[in-house]
Amino acid sequence: MASSVRWGETVLRGIVRGHPSLVYKDRPRSIIAALTESRRWADRPFIRHGSKVVSFAEHERMVRQFAHFLRATGVTSGDRVGIFAANSPEWVAMFFAILEVGGIVVPCNGWWSAEEMANGCRTVSPVLVITDEKRADRVPAGVRHLQLPHANDDLPLEHLTLRSQAVEQADENAPAVILFTAGTTDFPKGALLSHRALVANLQNLLVVSRKLPHQIPDDNPPSVALVGLPLFHIGAIQLILFPLMTGSEIVFLDGRFDAGTVLPLIESHAVTMFSGVPTMMERLLAHENIAHHDLTSLRTVVLGGSPVDDALLARIRGAFPATSRGVGQTYGLTEAGGVVSTGVGSDIAQHPGSSGRLAPVVEIKVEHPDASGNGELLVRSPSGMDGYWGLAGDDTVDHEGWIRTGDLGHVDSERFLYVSGRAKDVIIRGGENVAAARVESVLREHHAVSEVAVIGLPDSDLGEIVAAVIQCTPSDQPMVAELEQFAAHRLAHFSVPSRWWIRHEPLPVNDSGKILKRQLLAEWLVEEADEVTLSPAVAESGHVPKR
């Protein structure tokens, strides 16, 4: 049976953190409500990971056990607890266990270098980091860390009941999650999302898909969603929350995304829904074995994380005929708490170039529009962040609750969003945000680098790749391997430049001294045929070509 907590679709104008905002009239005050809702589906499978299958009831049992584990280690209300581990059923249970004891979940990017992990710990000062064996040595000295536990069927459950009775009386503005995002400068920043934010984002998805609890019968057939995103992304957290409400099943990959592994998973588990970044879908469509698998179960494909062109959507419909009415895309960002706009099927087909319709409680303001109506997009909704943890005075969120996205676009009269570009200096490589300024600051520390500009080059597979333009000191000529190794010690693998342009002349600048990155990008693309980047022969020699 469903809980007594109301999840409604009526929208009204309310007050959030002292400023006006659209809100749902009927809503729970804690995301724990989603966990109690899952009791309706107790015997259904919730997570499949390799050979392991965890039901909703078993998941709740794990949450109770892990909450007991956290209390025994001294975690109390308001404590920050990091999770630095690969996707697994235990990761999901630990997420809820931290919330259950009143803590704040800090999902750490599993690809961080030791230096980036140290910055994350300095930023949020976790009382504890839960890690797996592979990542334990990247946790900085002095930060308490423990191995992610496994469920223990012998652990007694007395006094381990969940706070289901307290959900309606909870403080919805209490901090729930700190999610790190690349932002536009230096190290990643931690966006603080409250219980209110997580609930509002989930409720948006339920309303748009018409999956509110009272709209779903008890015998509703479950969908099966493939989760290819790492759980330190807001998009992946959405995917683990949604099934709790609908009784659906999720399938975790065993390791990183690989098209050759994903295609048989779709077939063997009869996956009905795929959500990921465009790069993942490009790799599935291009795989040599795609025609050898029965993929007729796949009905819905929703892409986000980076721009999606209409040609890719058409290719998806051609490759997966059952998705003819279920192909779409979303636009969202961590700072906005998840989905800003979404659309599938006819909505996207009838509004080519759009990223779907704004979610019901989302408002958009276009600042300084140009002649075509495009300007910087500012977003306001109850799912928005309450600021970056530890960054007092940051102006990403203004006094009226508007969040600067750094993206350019406009909204039409039907509330369909069109994103035309980015105002902020961020490269989106395969769905991962890379702050160019952070990569530049690392490369400047190399003894041979005088100036550096990091830009995004178009790539048919990843959308963009990280490329570095470097002015070397006259007496030094570094090798590619040396530069890559230098960067890899300090940066996550996806932030290390994969294309290099070494020059001895100064980089072009404007009147204020800022490097003209657009000019560099245009020159690079024009002269790419002249092998500005590495040829196989040059790569073998280890030297960086000069222009």
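The values are calculated or read from the model by the stated rules, or taken from the named source; none is laboratory data. Worth saying up front: this structure is predicted, and the values here are computed from it rather than measured. Note that each Cβ is placed from the backbone with ideal geometry, even for glycine, and that neighbours are counted across all protein chains shown.
Would you mind stating whether Arg17 is basic (Lys, Arg), closer than 30 Å to Ile364 by Cα and touching a residue at least 12 places away in the same chain (Cβ under 8 Å)?
yes
Pull out all pairs, ordered by first then second residue, where Cβ-Cβ is under 9 Å, the residues are six or more apart or on different chains, the first lies in the stretch 485-506 and is farther than 27 Å from Thr279 by Cα and of a type in the set (A, V, I, L, M), and the second is at pLDDT below 90 and in a helix (DSSP H, G or I).
Ile502/Val480
Tell me, please, whether a residue that is touching an Asp or Glu at 6+ places or on another chain (Cβ under 9 Å), surrounded by fewer than 17 Cβ atoms within 10 Å (Cβ to Cβ) and in a helix (DSSP H, G or I) can be found in the stretch 18-38.
No, every residue in the stretch 18-38 fails to be touching an Asp or Glu at 6+ places or on another chain (Cβ under 9 Å), surrounded by fewer than 17 Cβ atoms within 10 Å (Cβ to Cβ) and in a helix (DSSP H, G or I).
Residues of the stretch 455-481 being of a type in the set (Asp, Glu) and surrounded by 14 or more Cβ atoms within 10 Å (Cβ to Cβ), which ones?
Asp459, Glu464
Across the stretch 48-86, what is the total count of residues that are outside any helix (DSSP H, G or I) and closer than 20 Å to Ser223 by Cα?
Final tally of qualifying residues: 8.
Hey, Ala492 hits all of (1) buried (at least 18 other Cβ atoms within 10 Å of the Cβ); (2) at pLDDT below 85 but one; which does it fall short on?
(2)
Quick one: in the stretch 106-121, of everything that is in a loop (DSSP other than H, G, I, E, B) and not aromatic (Phe, Trp, Tyr), which residue is farthest from Leu198 (Cα to Cα)?
The qualifying residue farthest from Leu198 (Cα to Cα) is Ser113.
Any residue in the stretch 325-340 that is without any contact (Cβ under 8 Å) to a residue 12 or more places away in the chain sitting within a Cβ distance under 7 Å of a residue that is in a strand (DSSP E or B)? List the pairs, counting only those 6 or more apart or interchain.
Qualifying pairs under 7 Å: none.
So, in the stretch 386-428, of the ones that are among the hydroxyl-bearing types (Ser, Thr, Tyr) and part of a loop (DSSP other than H, G, I, E, B), which residue ends up modelled with the lowest pLDDT?
Thr396
Which of (1) over 23 Å from Gly463 (Cα atoms); (2) in contact with a Leu (Cβ under 7 Å, 6 or more places away or on another chain); (3) buried (at least 19 other Cβ atoms within 10 Å of the Cβ) does His293 not meet, given it meets every other one?
Of (1) over 23 Å from Gly463 (Cα atoms); (2) in contact with a Leu (Cβ under 7 Å, 6 or more places away or on another chain); (3) buried (at least 19 other Cβ atoms within 10 Å of the Cβ), only one is false for His293: (3).
Can you tell me which residue among Val379, Val439, Val397, Val426 is in contact with a strand residue (DSSP E or B) (Cβ under 9 Å, 6 or more places away or on another chain) and over 30 Å from Arg17 (Cα atoms)?
Val439
Taking Phe242 as the residue in question, decide whether it is of a type outside the set (Ser, Thr, Tyr), under 30 Å from Gly401 (Cα atoms) and either out of contact with any helix residue (DSSP H, G or I) (no Cβ under 8 Å at 6 or more places or on another chain) or surrounded by fewer than 23 Cβ atoms within 10 Å (Cβ to Cβ) (or both).
When the stated conditions are applied, Phe242 passes them.
Looking only at residues that are β-branched (Val, Ile, Thr) and part of a loop (DSSP other than H, G, I, E, B) in the stretch 357-366, which one is nearest to the chain's Cα centre (by Cα)?
Per the criteria, the residue is Val362.
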